[in-house]
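A short worksheet on the structure shown next.
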Amino acid sequence: MTPTKPFNREELDAALHTVREAVPPTPQYRWPLLAERYGCEVWVKHENHTPTGAFKVRGGLTYLEQLAEEGLPTGLVTATRGNHGQSIPFAAARYGVPVTVVVPEGNSTDKNRAMRGWGAEVLIHGRDFDEARAFANELATERGLALVPSFHPALVRGVATYALELFNAVERVDTVYVPIGMGSGICAVIAVRDLLGLDTEVVGVTAAGAPAYAESFRAGQLRPQAQARTFADGVACRDPDAGALEIILAGAARVLSVTDAEIAEAMRVLFTDTHNVAEGAGAAALAGLAQEQARQRGKRIAVILCGGNVDAAVFAAVLQGAAGGPGSPD
């Protein structure tokens, strides 16, 4: 069965207008040292250069605009490991709507500070993202708040503007590697690829310690996991979204799993070869390319650096050779 398209071209163009009011286009650069290292032409889409340091801000803007058209609630609540939780208060502040964000225990202190900086009330609950998400659902009922999901067509539509920028700037991309958290990033790339009629392969990348989407892709159906153990918090999902999986199954070439050690190495490579800071999820796409280096020799490749919001202590440890951080199974 062909999944319903999350948006059409007119809706994508409207989303671009909405996003552009607050977020300028992010660059995509072809990095020579990455080409030398991996034996292919490597373009990096720098979503670490948005106002919140991650791609999620695009979706927050389009989601809040849709809410404003339908009738703004008195307050919002959502769950996050950090980047989604920055995007919603960033966007909601334009409408004066208060936001409560639930994060799990041990969440990034720097991301928690950033969410509060954008005006969110941050509550800590649960051992991981999925337990935090369940608590956010309870709060929505108890406090009469509107729940903002982690995956929604309006979020995907906003996020898709980064894919439109990339494909408009770089012709004939053979393969795009995209990290998978809850799925908005990869679903956006697939949808824009299809709207533009391109034959670019889209490859999803998950953490080996959080393989919910990789296992679900292999099985062709949802395969929730008992745990998600990775220092790359942006991809630490154990309960995949059915709508996202439907799009991924129909449009992705494959879904890879990379270890925390491979992610940490990709973080170091991005710093030494491009002087960009990537959080774990932000480096996962490059780790996927490294894993498939022989397969991609001589081709034109794009990797999505989806965010740079890593705690200073974690990044310092990674640069010194650590294989990961707290929560890493490696």
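The values are calculated or read from the model by the stated rules, or taken from the named source; none is laboratory data. As the structure is a computational prediction, the values presented were derived from the model and not from experiment. Every residue, glycine among them, receives a Cβ derived from its backbone with ideal geometry; neighbour counts consider all protein chains shown. To get the accessible areas, we keep the full protein, side chains included, count just its heavy atoms, and leave off ligands, DNA and RNA. Shrake-Rupley method; radii C 1.70, N 1.55, O 1.52, S 1.80 Å.
What to note about this one:
- Verdict on GLU10 being farther than 30 Å from GLN296 by Cβ, open to solvent by 40 Å² or more (accessible area, probe 1.4 Å) and either in a helix (DSSP H, G or I) or of a type outside the set (Asp, Glu) (or both): yes
- Among the candidates LEU64, LEU72, LEU33, the residue that is touching a residue at least 12 places away in the same chain (Cβ under 8 Å), aliphatic (A, V, I, L, M) and closer than 30 Å to THR274 by Cα is uniquely LEU33.
- Filtered residue count, region 144-163, keeping only those that are of a type outside the set (D, E, K, R), open to solvent by 40 Å² or more (accessible area, probe 1.4 Å) and in contact with a Phe, Trp or Tyr (Cβ under 8 Å, 6 or more places away or on another chain): 2
- Restricted to region 20-64, and to residues there that are outside any helix (DSSP H, G or I) and β-branched (Val, Ile, Thr), the residue that is surrounded by the most Cβ atoms within 10 Å (Cβ to Cβ) is THR52.
- Candidates GLY282, GLY220, GLY251 - the one that is closer than 21 Å to VAL189 by Cβ, at pLDDT 95 or above and buried (at least 24 other Cβ atoms within 10 Å of the Cβ): GLY282
- Within region 190-210, residues that are within 11 Å of VAL173 (Cβ to Cβ) and assigned to a helix (DSSP H, G or I) sit with their Cβ atoms under 6 Å from residues that are among the polar types (S, T, N, Q) and at pLDDT 95 or above, at 6+ positions apart or across chains, in these pairs: ARG193/THR200.
- Being within 30 Å of LEU289 (Cβ to Cβ) and at pLDDT 95 or above holds for only one residue in THR141, THR175, and it is THR175.
- Qualifying residue in region 235-247 (condition: over 23 Å from GLU105 (Cβ atoms), open to solvent by less than 60 Å² (accessible area, probe 1.4 Å), among the hydrophobic types (A, V, I, L, M, F, W, C) and touching a Cys at 6+ places or on another chain (Cβ under 7 Å)): yes
- Restricting ARG81, ARG94, ARG157 to those that are assigned to a loop (DSSP other than H, G, I, E, B), touching a residue at least 60 places away in the same chain (Cβ under 8 Å) and in contact with a Pro (Cβ under 9 Å, 6 or more places away or on another chain) reduces the list to ARG81.
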